[in-house]
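What follows draws every value from the coordinates through simple rules; no lab data is involved. Small disclaimer: the values here were computed from a predicted structure and weren't measured. In this analysis, Cβ positions are derived from the backbone assuming ideal geometry, glycine residues included, and neighbour counts consider all displayed protein chains.
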Amino acid sequence: MDNIAGTKSSLVWAVHLATAALVLLWVLPTIGLLVSSFRDRDQITTSGWWRSLFPAEQNIVYRAGDADTQRQDGPLWVIDGNVFDGAGGEVTAFGVNSRAPAAFAPGAEADLKDGVKLAVQSNGDYRLTAPAQFEGRSPRIFVSSVSPPRFTLDNYRRVMFAEGLGRAFLNTMTVTIPATIIPILIAAFAAYALAWMEFPGRALLIAAVVGLLVVPLQMALIPLLKLHNQLGIGKEYIGIWLAHSGFGLPLAIYLLRNYMVGLPREIIESARVDGATDFQIFLKIILPLSFPALASFAIFQFLWTWNDLLVATVFLGNNPDQLVMTGLLRELMGSKGGEWEILAASAFVSIAVPLIVFFAMQKYLVRGLLAGSVK
Amino acid sequence: MEQLLMAGGTIVIGVFGCVAYFFLSNLILDTLLPPRGADAGRNIARAAQIRPWLFLMPAVLLLAVYLVYPVFVSVWYSFHDSSGQTYVGFDNYSWLVSDSKFRESMRNNILWLLVVPAASTFFGLIAAALTDRIRWGNFAKAMIFMPMAISFVGASVIWKFIYDYRGDGQTEIGMLNAIWVSLGGQPQTWLTLEPGNSFMLMIVLIWIQTGFAMVILSAALRGIPEETVEAAILDGASPLQIFARIKVPQIWGTIAVVWTTITITVLKVFDIVLAMTNGQWGTQVLANLMFDWMFRGNDTGRASVVALVIMLMVTPIMIWNIRNARKEMR
C-alpha cells in the first residue's frame, strides 16, 4: 500500500506515530509489571517503575566505620571504606552536617573539628583521618549520589521456592498437557467422519457442534461437579482432563472439519479406489495433511487450559498438590495485595510459557483464528 | 515429578486407548461384515452405515455428557432448592427478579456488552488499518496481539498495578494515579469508585480482545478486491474516505463475526471481576454471581438459574451461528 497515489508523506508520518502510540499503549502495562518483578520491595514502593530505568538520585546518610576499624598510617589514624557498601553509584556532593549536606565536591577534603579530615571520592570511597585516635561514635557523612538502575532476581527465587509457585507450575503442566492432546485425537476422528463420510444425520450433527461452540461453561459446572463427585473423580486430575477435553471438543471438531473438507477430493477418492479403508485413509492421508489445523487447535487448547481459572477452581482442589498457577496467583492477590514484588514475579512465571508458545507459533494461532471465526 | 509421570502415563494410555479403540472397532466391523464373499455388496453397504458412528462415538459421548446433559440438569436444578433435593417450583426465578445483586449484574453485563465488543472492534479495526500500511506492521501486530496469550488473572495483576493507590502523601506507583497526580488531580482508589470502576475492568478485556479483532479484520481488509480501492483513488478519494466508505462497508460481515465472538467472551467474563474486585463496589457480573452462589452460597438452585440466564443470552448468537453454518453448507 506504500505506493498508492495520493498518499501524502505527512499522512505516512501520522500512521507511523499513531501505530507507535497504539503499540506503546498496549505493551506498557506488561512492561511495567515485568520491570517491577526485578525490583525489590523498597524500590517498588518508593518510586514508580518508570523511574527505575534511569539512574536514581539519592541522598544517603552514612555513618563512618566504627572506631575499632581504625588503623594507623604514619602519624595519622585512619578509618576508610565506601559509602555505598559496594552497591555502586556515583557521589555528586557530600557534606559533614545536615545543614549543608552538599557542601563539598567529590575529591575535596572537609575539615571536621579537632583536626579530623574527611575526603570522599566520586566512587564512594571515603577516608577519615585524625592526628589522634578515634573514640566514641564516628561522624556521619551526608552524600548526594546518583546510583545506576539496580535489578534483582530475588523475587523470582522467593516465589518459585517459598511461595509454592514451582509446585503450581508442575500442577499446571500436569493439567495442560493431557488436556491438550486427548481431545485432538478424538476430534480428528469425528471431524473426518463429518467431513468425508456419508451418513444420515450428518448435517444435524454439524449444526449441533456449531451450536455447542458457544454454550457457556457456567452451565456445565454444577451438574458435572455432581457427576464427578458421584463417580469419585470430583477432585482428581482425571476429572479435569475429561472436563477440558469435553469443553474443547466443539472448537476442535469445528476447526478440523472445516480444514479437512477443503482437502482435495481426488486424493481421497483415488485412495478409496485403490482399496484403502476409511481407517487407513484417515491415518495415512488425512492426519498428516491436517497438520496445520491440528497445530492451530493444539495452541488454542494449550493457551486456554494453561490460562484457565474457572475449570481448575471447580474441578481441582486448592491444596498444594493440585493448585494451579492461575489459582495461586488469585490467592496471592488476596493475601499479598500490596506486595507487588511477589505478585509481579508470580504473574510473569505464569505467563512466560504462554508467551513463548505465542511468539513461537503465532502463525498457526492466526491461521486457527481465521478458520475458526471468518465464514 | 511423579505427577508429571502420571500425566505422561495418562497421555500414553489415553492416546493408545483412543487408537486402540478406533483400530479394534474397525477390525471388528470388518470381521463381522467382511467386504468379500457372497454378501460382499450388502456387507460393504451396511459397514458404511455403521463406520461413521464408530469414528464419532467418543466425541459424541463426551459432547453429550459435558455440554448437552448439563443444560437439562441445570434446568432441573433451577426448580429445586439449594441442595437440589426438594422441588420448589418457580421460587428461584422469583428470587432472581427481585434480587438487587442480580439486577446489578444484569445492568453491568449489558454495559459490558455495549462497551467491550464495540471498543475492541473499533481499536482492532484502527490497528489493522494502521499496521497494514507500514513496514514494521508485523512487529506492531505481534505486540498488540500479545495480551491474547496472557491469562485473565495475569492481566488482572498487570492492570491492578496500574490502578494502584497509595495516598497519604506517598509516591504513587500506579501509572494511572501518577499521571493523574502530575496533571494536578488527587490520587484516587479507581477500583472502588462507582460507576467508573466497571469501566476500569472493561479496559482489561478490551486490552486483551483488541488483538483478536485486529488479526481477523486485518485479514479481511487484505481480502478486499484491489479494483474497488483503485477506482476510488482514480476518483480522487482521500485515504480516510477510502477507508471509511470503500473498505469498511466491504467487511461488515467480518466485523459482525468479530463482534459476536467478543460478545460471547464478554458474557462469560469471570476471572477479571473475581480477581480485581470480586464483584464488590457495584461491579458484579452474571458469571461471577453464579460462581458466588455455587461456592460461597452453596445453592445449586440459584446458581443454576443464573447460569440459565447466561445461556439464554447466548442463545440468539447460537441460533444465528447455526443458520449461517447451514447456509454455507448448501
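Which residues does the label zone of A:Lys336 cover in segment A:292-310, counting backbone N under 14 Å from a point 7 Å along Cα→Cβ?
Within reach of a label on A:Lys336: no residues.
Checking the a/c ratio against 1.5 first, then a/b against b/c, what shape does the Cα gyration tensor give for chain B?
It is oblate, given that a/c is not under 1.5 and a/b is not larger than b/c.
Placing +1 on the Cβ of each Lys and Arg and -1 on the Cβ of each Asp and Glu in chain B, which of B:Gly297, B:Leu61, B:Phe139 has its Cα farthest towards the positive end of the resulting dipole?
Value: B:Leu61.
In peptide A:107-114, how many Cβ atoms from other protein chains are near each Cβ within 10 Å, on average?
0
Tilt of helix B:196-222 relative to the longest C-alpha principal axis of chain B, in degrees (0 to 90, nearest 10)?
In chain B, helix B:196-222 runs at an angle near 60 degrees to the longest axis.
For segment B:210-266, what is the convex hull (Cα atoms) projected area averaged across all directions, in square nanometres?
Orientation-averaged projected area of the Cα hull: 4.0 nm².
Which residues make up the longest stretch of chain A that has no GluC sites (Glu not before Pro) in a DSSP loop with at most 11 other Cβ atoms within 10 Å?
By the stated rule (loop sites, at most 11 other Cβ atoms within 10 Å), A:199-375.
Can you work out the base-10 log of I(q)/I(0) for chain A at q = 0.14 1/Å, using the Debye formula on its C-alpha atoms alone?
-1.18
Suppose only helical runs count, i.e. DSSP H with n ≥ 4. What mean residue ellipticity at 222 nm does that imply for chain B under -39500 (n - 2.57) per run, divided by all residues and rounded to the nearest 500 deg cm²/dmol?
-23000 deg cm²/dmol
Report the residue, chosen from B:Val204, B:Val15, B:Val73, that carries the largest GNM mean-square fluctuation when chain B is represented by alpha-carbon nodes joined by springs under 10 Å.
B:Val15
Report, in debye and to the nearest 20, how large the dipole of segment B:101-157 comes out about its Cα centre when Lys and Arg carry +1 and Asp and Glu carry -1 on their Cβ. Mind dumping the intermediate values first?
Details: 6 positive and 2 negative charges, 14 e Å.
Computed charge dipole of segment B:101-157: roughly 60 debye.
Report, as an integer, the average count of C-beta atoms from other chains found within 10 Å of each Cβ along A:188-200.
Partner-chain Cβ atoms within 10 Å, mean over residues of A:188-200: 5.
Over chain A, what is the relative contact order in percent, taking alpha-carbon pairs closer than 8 angstrom and at least six residues apart?
19 percent
Pull up the cross-link candidates among the aspartates and glutamates for B:Lys141, meaning alpha carbon to alpha carbon under 15 Å and not fewer than 8 places away within one chain.
Answer for B:Lys141, where 15 Å is the Cα cut-off: B:Asp132, listed by chain and number.
If the only charges are +1 at each Lys and Arg Cβ and -1 at each Asp and Glu Cβ, what is the size of the charge dipole of the protein assembly as shown around the Cα centre, to the nearest 20 debye?
Using Cβ point charges on Lys, Arg, Asp and Glu, the protein assembly as shown gives about 1800 debye.
Can you tell me which of A:Arg330, A:Arg150, A:Arg99 moves the most in a GNM of chain A? Springs connect C-alpha atoms under 10 Å apart.
Checking each option, the largest mean-square fluctuation is seen for A:Arg99.
Stretch A:Lys363-A:Arg158 to full length: gain in nm at 0.36 nm per residue minus the Cα-Cα span?
Working: separation 205, 0.36 × 205 = 73.80 nm, distance 3.54 nm.
Gain in length upon complete extension: 70.3 nm.
Specify which residue in the list B:Phe79, B:Leu201, B:Ile251 is farthest towards the positive end of the charge dipole of chain B, using unit charges on the beta carbon of Lys, Arg (+1) and Asp, Glu (-1), about the Cα centre.
B:Ile251
Give me the percent of Cα-Cα pairs in segment B:147-235 that sit more than 19 Å apart, rounded to a whole number.
57 percent
If I histogram all Cα-Cα distances within segment A:56-147 using bins 5 Å wide from 0, what percent of pairs lands in each bin?
Pairs per bin, as whole percents: 3, 16, 27, 26, 17, 9, 3, 0.
Which whole-number percent of Cα pairs in segment B:2-78 have a distance greater than 22 Å?
Working: 1491 of 2926 pairs.
Value for segment B:2-78: 51 percent of Cα pairs lie more than 22 Å apart.
Give me A:Thr180, A:Thr129 ranked fewest to most by other Cβ atoms within 10 Å of their Cβ, as a rough exposure proxy.
Ascending Cβ contact count within 10 Å gives the list A:Thr129, A:Thr180.
Of B:Ala213, A:Val120, B:Gln170, which is farthest towards the positive pole of the protein assembly as shown's charge dipole, taken about the Cα centre with +1 and -1 on the beta-carbons of Lys, Arg and Asp, Glu respectively?
B:Ala213
List the aspartates and glutamates whose Cα lies under 15 Å from the Cα of B:Lys268, skipping any in the same chain that are fewer than 8 positions away.
Answer for B:Lys268, where 15 Å is the Cα cut-off: A:Asp308, B:Asp292, listed by chain and number.
Please rank A:Val366, B:Val266, fewest neighbouring Cβ atoms within 10 Å first, as an exposure proxy.
Lowest count first: A:Val366, B:Val266.
Give me the base-10 log of I(q)/I(0) for segment A:156-373 at each q in 0.10 Å⁻¹, Debye formula, one uniform scatterer per Cα, rounded to two decimals.
Rounded to two decimals, the profile gives -0.53.
Using Cα pairs under 8 angstrom and six or more residues apart, how large is the relative contact order of chain B, in percent?
23 percent
If you count, for every residue in A:23-31, the Cβ atoms of partner chains within 10 Å of its Cβ, what is the mean?
Values: counts 10, 1, 4, 11, 5, 3, 11, 8, 1.
Per-residue shielding by partner chains comes out at 6.
Arranged by the count of other C-beta atoms within 10 angstrom, fewest first, what order do B:Thr31, B:Thr189 take?
Ascending Cβ contact count within 10 Å gives the list B:Thr31, B:Thr189.
Using only DSSP helix segments of four residues or longer, with each worth -39500 (n - 2.57), what per-residue ellipticity at 222 nm results for chain A after dividing by its residue count and rounding to 500?
Taken over chain A, the calculation gives -17500 deg cm²/dmol.
Can you bin segment B:29-140 into rounded, prolate or oblate? Criterion: square roots of the alpha carbon gyration tensor eigenvalues sorted a ≥ b ≥ c, rounded for a/c under 1.5, prolate for a/b above b/c, oblate for the rest.
oblate
Quick check: from the Cα gyration tensor, does the protein assembly as shown come out rounded (a/c under 1.5), prolate or oblate?
Note, shape of the protein assembly as shown comes out prolate.
Given a cut-off of under 8 Å on Cα pairs at least six residues apart, what relative contact order in percent is computed for segment A:156-373?
Numbers: 204 pairs, mean separation 76.0, N = 218.
35 percent.
What lysines could a cross-link reach from A:Lys336, if we take a straight Cα to Cα line under 19 Å and drop same-chain neighbours fewer than 8 places away?
B:Lys160
According to a simple spin-label model (label point 7 Å from Cα along Cα-to-Cβ), what is the distance in nm between B:Leu193 and A:Thr92?
3.3 nm
Within 10 Å, at most 15 other Cβ atoms, and a DSSP state outside H, G, I, E, B define an exposed site. Report the longest part of chain B free of exposed chymotrypsin sites (Phe, Trp or Tyr not before Pro).
Details: sites that count: B:Phe90, B:Trp136, B:Trp281.
With chymotrypsin sites (Phe, Trp or Tyr not before Pro) excluded where exposed in loops, chain B gives B:137-280 as its longest stretch.
If I take R0 = 60 Å and measure r between the Cβ atoms of B:Trp180 and B:Arg36 in this structure, what FRET efficiency does the formula 1/(1 + (r/R0)^6) give, to the nearest 0.05?
Once rounded, the FRET efficiency stands at 0.15.
Which of the peptides B:232-239, B:170-177 is most tightly packed, and how do the rest follow, going by the mean number of other Cβ atoms within 10 Å of each residue? Could the numbers behind the result be given before it?
On the way: B:232-239: 14.5, B:170-177: 19.1.
Top of the packing list down: B:170-177, B:232-239.
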